[in-house]
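Visitor: If you scroll down you'll find the structure; I have some questions about it.
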């Protein structure tokens, strides 16, 4: 069998750092502008505060739908050319966003940004799957995500720094610059990771779709990932309103947002150290139970009238840590039975995950009523719904010993 680990020049820490940088393109696209939402809303005439959330939603819709195309193209033509073309597209879309004169124009540019950055999600997973599988893949993805989760910690700080020296449009120029850096890195250091004998013709896309959607593990864990990822979208969409408007902690917004994101980074580090020993099922299912218990307790605190900034921060940070433990493991288990069509499978799974997360996250975000109760209820519903999906995938047998996931 072909040893795919030898097919790429990026190795060791540089490989992990590159995968993290690809993931960071999308993370920066979402988080860098959070401090700028109020400014751009005022300049572009956005009256209703909840409508500012569409700056995030439009991006995520483009991000979700774009993934359907890139996997089949990457399986047919290779990872490298698809990645380079779409990174160039992301740079152009960022410049368009920076020059937007109206809110609808900005939303259109944001959708295009998401459409172009969708390749980074598909290809980061496919490139890792080209070289690793199973628990080893989960470990590599966890290490990359640990670096990737530093982005939400640093992005709002960078966003505020950009706003200190210029208007909100500087944020989009910064995104264009970062996209250019990653594009240059890929063009110089990333060889093709998919050998020609593993290429899949576009005529086989239908069969690949059926294989991915027809496999209970591939489809089911993509749905589970979409539900938990929806919790992140809900938090990001409402973070400024909760921290600034509800708790009047605008001066500490960057630190408070970073504290929640930091727990996800810690969770990824813990997962990278334990997953090869304990297994993806044990860790993700234990975290899922935590994701049910924490918001349930949070609802009790809110109902008792004792909700305050410290209690919200505690429950939100711990819940996001549970989501972090679920994420990489759900993704690895979804990819395990479809490794031969990693690009197309990653596209379909990414579409399910992203669009599903936008629907879940937007529903929770738009229900924001000036209190943290809708978010806590939303997280409890996410945990319970994900548990139902996992029970269906595993036929009700939770915390069982590891065995190979059938193709």
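The values are calculated or read from the model by the stated rules, or taken from the named source; none is laboratory data. These numbers come from a predicted model, not from an experiment. Note: ideal-geometry Cβ built from the backbone for every residue, glycine included; neighbour counts use all protein chains shown.
Visitor: Could you list, in sequence order, all residues of segment 11-33 that are farther than 17 Å from residue 164 by Cα and not in a helix (DSSP H, G or I)?
Guide: Listed by number, the list holds a single entry, 11.
Visitor: For segment 34-127, give me every one of the helices (runs of 4 or more DSSP H) that falls completely inside it and has 3 or more residues that are farther than 25 Å from residue 189 by Cα and without any contact (Cβ under 8 Å) to a residue 60 or more places away in the chain. Don't jump to the end; show me each part of the working.
Guide: Working: elements: 37-43, 54-77, 79-98.
Of the helices (runs of 4 or more DSSP H) lying wholly inside segment 34-127, those with at least 3 residues that are farther than 25 Å from residue 189 by Cα and without any contact (Cβ under 8 Å) to a residue 60 or more places away in the chain span 54-77.
Let's see how each residue does on (1) in a helix (DSSP H, G or I); (2) surrounded by fewer than 22 Cβ atoms within 10 Å (Cβ to Cβ):
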| residue | (1), (2) |
| --- | --- |
| 340 | yes, yes |
| 343 | yes, no |
| 347 | yes, no |
| 358 | yes, no |
| 363 | yes, yes |
| 368 | no, no |
| 371 | no, yes |
| 376 | yes, no |
| 383 | yes, no |
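Visitor: Within segment 372-387, how many residues turn out to be free of Cβ contacts under 8 Å to residues at least 24 places away in the same chain and within 20 Å of the chain's Cα centre (by Cα)?
Guide: Narrowing segment 372-387 to residues free of Cβ contacts under 8 Å to residues at least 24 places away in the same chain: 374, 381.
Those left that are additionally within 20 Å of the chain's Cα centre (by Cα): 381.
Of the residues in segment 372-387, 1 are free of Cβ contacts under 8 Å to residues at least 24 places away in the same chain and within 20 Å of the chain's Cα centre (by Cα).
Visitor: Hey, among the residues in segment 206-216 that are surrounded by fewer than 19 Cβ atoms within 10 Å (Cβ to Cβ) and in contact with a helix residue (DSSP H, G or I) (Cβ under 8 Å, 6 or more places away or on another chain), which one's nearest to residue 68 (Cα to Cα)? Break it down into steps so the answer makes sense when it comes.
Guide: First, pick out the residues of segment 206-216 that are surrounded by fewer than 19 Cβ atoms within 10 Å (Cβ to Cβ): 206-207, 209-210, 213-214, 216.
When the remaining residues are screened for being in contact with a helix residue (DSSP H, G or I) (Cβ under 8 Å, 6 or more places away or on another chain), the result is 209, 213, 216.
Values: 209: 10, 213: 13, 216: 19 Å.
Looking at the filtered set, the residue picked out is 209.
Visitor: Collect the residues in segment 243-262 that are within 17 Å of residue 32 (Cβ to Cβ) and out of contact with any helix residue (DSSP H, G or I) (no Cβ under 8 Å at 6 or more places or on another chain), keeping them in residue-number order.
Guide: Selection gives 255 alone.
Visitor: So in segment 278-314, with the set limited to residues that are touching a helix residue (DSSP H, G or I) at 6+ places or on another chain (Cβ under 8 Å) and in a loop (DSSP other than H, G, I, E, B), which one is farthest from residue 222 (Cα to Cα)?
Guide: Here the answer is 307.
Visitor: Give the residue, chosen from 276, 336, that is closer than 30 Å to residue 130 by Cα and buried (at least 20 other Cβ atoms within 10 Å of the Cβ). Show your work before the answer.
Guide: Working: 276 fails: buried (at least 20 other Cβ atoms within 10 Å of the Cβ).
One residue alone meets the criteria, 336.
Visitor: Continuing with this model, one more query. Please verify whether segment 190-203 includes one or more residues that are over 18 Å from residue 321 (Cβ atoms), in a helix (DSSP H, G or I) and within 22 Å of the chain's Cα centre (by Cα).
Guide: In the first step, residues of segment 190-203 are kept if they are over 18 Å from residue 321 (Cβ atoms); the result is 190-203.
Within this subset, residues satisfying the condition of being in a helix (DSSP H, G or I) are 196-198, 202-203.
Of the ones still in play, those that are also within 22 Å of the chain's Cα centre (by Cα) are none.
No, there is no match, as no residue in segment 190-203 is over 18 Å from residue 321 (Cβ atoms), in a helix (DSSP H, G or I) and within 22 Å of the chain's Cα centre (by Cα).
Visitor: Take residue 42 and decide whether it is surrounded by fewer than 24 Cβ atoms within 10 Å (Cβ to Cβ) and in contact with a helix residue (DSSP H, G or I) (Cβ under 9 Å, 6 or more places away or on another chain). Walk me through it before giving the result.
Guide: Values: surrounded by fewer than 24 Cβ atoms within 10 Å (Cβ to Cβ): yes; in contact with a helix residue (DSSP H, G or I) (Cβ under 9 Å, 6 or more places away or on another chain): no.
So residue 42 fails the test.
Visitor: Of the numbered conditions (1) at pLDDT below 90; (2) over 30 Å from residue 333 (Cα atoms); (3) not in a helix (DSSP H, G or I), residue 167 satisfies every one except a single condition; which is it?
Guide: That leaves (1) as the condition not met.
Visitor: Checking the condition at pLDDT 90 or above and in a helix (DSSP H, G or I), which residue from 177, 157 passes?
Guide: Details: 157 fails: at pLDDT 90 or above.
Just one listed residue meets the conditions, 177.
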